[in-house]
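The values are calculated or read from the model by the stated rules, or taken from the named source; none is laboratory data. What you see is a predicted model; the values in this text were computed from it and never measured. Virtual Cβ from ideal backbone geometry, glycine too; neighbours counted across all protein chains shown. The area values use the complete protein model at the heavy-atom level, side chains included, leaving out ligands, DNA and RNA. Shrake-Rupley method; radii C 1.70, N 1.55, O 1.52, S 1.80 Å.
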Amino acid sequence: MANKKGFPTTLDSLTYIDSAEGMARRVLSDLQKSGLSKEELAAAYQVGLERGGFQYPNLIRLGSLLQEIKSLSVSVKAK
């Protein structure tokens with residue numbers, strides 16, 4: 001699949017995926033530096049929800065979509 005200029009289409013040519021990668025790296029780093037266990041992070045997530053925080057459905061959907069794309073990319077050749 002090529003874009004209008006004839007170059008192969010990439011995810012970063014379609015959207016802000018590189019910026020999202022940078023933000024995800026920062027969030028993951030911050031969570032790791034917190035020193036909390038996964039169970040403690042789960043509790044912190046729940047407290048956030050109880051206080052009106054986000055459920056992060058778009059981040060969860062994005063993670064699932066990227067995982068699916070990555071899995072499919074093994075069997076799909078770039079065109």
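A few points about this structure:
- Between 0 and 90°, nearest 10: helix 38-50 axis offset from the chain longest Cα axis: 80
- Residue separation of A2 and S29 scaled by 0.36 nm, minus their Cα-Cα distance, works out to 6.2 nm of gained length.
- The count of lysine pairs in the chain whose Cα atoms are under 22 Å apart, excluding pairs fewer than 8 places apart on the same chain, comes to 5.
- Taking only the Cα atoms of the chain, the ratio Rg/Rh comes out at 1.10, with Rh defined as the Kirkwood radius.
- Within the accessible area of the chain, the carbon and sulfur atoms contribute 61%, probe 1.4 Å, all protein chains present.
- Positive-end residue, the chain charge dipole about Cα centroid, Cβ charges, pick of A44, Y56, M23: M23
- Per residue, the chain exposes 94 Å² of solvent-accessible protein surface, assessed with a 1.4 angstrom probe and all protein chains in place.
- Rounded to the nearest 20, the size of the Cβ-charge dipole of the chain about its Cα centre is 440 debye, with Lys and Arg at +1 and Asp and Glu at -1.
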